[in-house]
Amino acid sequence: MSLSPNFFPYVQPDDPDWRPRLTMYNQSGEYHNGGIWPFICGFHIAALVAAGRHRLAEASLQALTDLIRQHRVADVEYGFNEWHRAQDGTPRGQDWQIWSAAMYLYAVRCVQARTTPFFDRCREERAAALPAVSA
């Protein structure tokens, strides 16, 4: 099971969106050009739960758990790194990012409860506000 990169397809040197600075800072599958961000993966897992794709959400959560255990600097059980290279899952950026930890915990809750706290209510309120459609 692989996790979704934050941006795909990657911007390549022959693409109109390519900028020279990407050669140094945003190679394909890295940082903003397709890196895996645990924060974004947490939202993706919640979306899978909301769509009723529970087995895929569980498998994705396991993959995310394996990913966030990695660390760059600190010798800890969970690194909660900022982002990871898409090609090999290598942790990059900084360890101990609270946003990575927070969305991981939210994804765990979503998978366990088979619901998406807060977002369920948002969808219900939006549905109630929409005009009825006759068949």
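The values are calculated or read from the model by the stated rules, or taken from the named source; none is laboratory data. Note that this is a predicted model, so its numbers are computed, not measured. In this analysis, Cβ positions are derived from the backbone assuming ideal geometry, glycine residues included, and neighbour counts consider all displayed protein chains.
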### Task
Give the residue that is nearest to F8 (Cα to Cα), with candidates limited to residues of the range 48-75 that are surrounded by fewer than 20 Cβ atoms within 10 Å (Cβ to Cβ) and in contact (Cβ under 8 Å) with a residue 40 or more places away in the chain.
A63
### Query
When you look at P5, is it crowded, with 18+ Cβ neighbours inside 10 Å, at pLDDT below 95, in a loop (DSSP other than H, G, I, E, B) and not hydroxyl-bearing (S, T, Y), yes or no?
yes
#### Entry: Residues located in the range 98-135, provided they are in a helix (DSSP H, G or I), closer than 16 Å to V49 by Cα and not charged (D, E, K, R)
M103, Y104, L105, Y106, A107, V108, C110, V111, Q112, A113, F119, C122
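Which of the following residues is free of Cβ contacts under 8 Å to residues at least 40 places away in the same chain, in contact with a helix residue (DSSP H, G or I) (Cβ under 9 Å, 6 or more places away or on another chain) and among the small types (G, A, S): A129, A113?
Every option except A113 fails the conditions.
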### Message
If I filter the range 23-46 for residues that are among the β-branched types (V, I, T) and surrounded by fewer than 16 Cβ atoms within 10 Å (Cβ to Cβ), do I get at least one hit?
### Response
yes
#### Entry: Extreme residue, nearest to R114 (Cα to Cα), among residues of the range 59-97 that are more than 14 Å from the chain's Cα centre (by Cα) and either among the aromatic types (F, W, Y) or assigned to a helix (DSSP H, G or I) (or both)
Y78
### Query
Identify, please: which residue in the range 76-88 is touching a strand residue (DSSP E or B) at 6+ places or on another chain (Cβ under 7 Å) and over 19 Å from F43 (Cβ atoms) and is, among those, surrounded by the most Cβ atoms within 10 Å (Cβ to Cβ)?
G79
### Message
Condition first: of a type in the set (A, V, I, L, M) and under 17 Å from the mean Cα position of the chain (by Cα). Now tell me which residues in the range 20-54 satisfy that.
### Response
I36, I40, I45, A46, A47, L48, V49, A50, A51
